[in-house]
1. Please identify the trypsin sites (Lys or Arg not before Pro) of the stretch 55-125 that satisfy two criteria: DSSP loop assignment and at most 14 other Cβ atoms within 10 Å. Which are they?
2. Using alpha carbons only, what's the Rg to Rh ratio of the stretch 23-122 with Rh from Kirkwood?
3. Take the Cα radius of gyration of the stretch 18-81 and divide it by 2.2 N^0.38 Å, with N its residue count; two decimals is plenty.
4. Under 8 Å for C-alpha pairs, at least 6 residues apart: give me the relative contact order for the stretch 23-122, rounded to a whole percent.
5. Would you please give the FRET efficiency between Thr124 and Glu80, computed as 1/(1 + (r/R0)^6) with r the Cβ-Cβ distance and R0 = 22 Å, to the nearest 0.05?
6. Among the chymotrypsin sites (Phe, Trp or Tyr not before Pro) in the stretch 33-79, which ones are in a DSSP loop with at most 14 other Cβ atoms within 10 Å of the Cβ? Mind listing them?
7. Considering only Ile110, Val123, Gly39, whose Cα is most displaced toward the positive end of the charge dipole of the stretch 18-125, charges sitting on Cβ of Lys, Arg (+1) and Asp, Glu (-1)?
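Just so you know, all these numbers are worked out from the coordinates, no wet-lab data involved. Given the structure is predicted, the values throughout are model-derived calculations rather than measurements. Quick reminder, even Gly has a Cβ in these numbers, built from the backbone with ideal geometry, and neighbours come from all protein chains shown.
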Amino acid sequence: MFYRISTLFLLISSIAIISCNKEGIGGKASISGTVQHNGKAIPDAVVYIKYGADEFPSFDFDQYDDNVIVNGTDASFSFENLYKGNYYLHAVGYDVSIMENVGGGLAVKINNKKELIVTEIPVTN
């Protein structure tokens, strides 16, 4: 009898802990930064985010969880109210100086629930 109760308690505790570590929105952390190609801001780029990913998920942007259009002046972006965990950012835009589309991405890990990650997404052609 004691074995069954402790096994049940362990199972419920494990489920509760796992459910608390969910990536996505609802938390207090954020990721913000800029999109740049060769050190130059890429205005009007789109930044896609995939929750729970630590490597490039896909070029199928319908599979990403959210996206933002960067600020037209300094190419800045922000994703707020995130839980701690793994995220993958992928940016696509157009570099007018070389008249080509550019894109690229990187994995970001939020380690605590109030962390602010500031990063630059380097894009290439």
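1. Lys113, Lys114
2. Here Rg/Rh amounts to 0.97.
3. Normalised Cα radius of gyration, the stretch 18-81: 1.23.
4. Once divided by the residue count of the stretch 23-122, the mean separation gives 40 percent.
5. Computed FRET efficiency for Thr124 and Glu80: 0.20.
6. Those satisfying the criteria are Phe59.
7. Working it through, the farthest residue towards the positive pole turns out to be Ile110.
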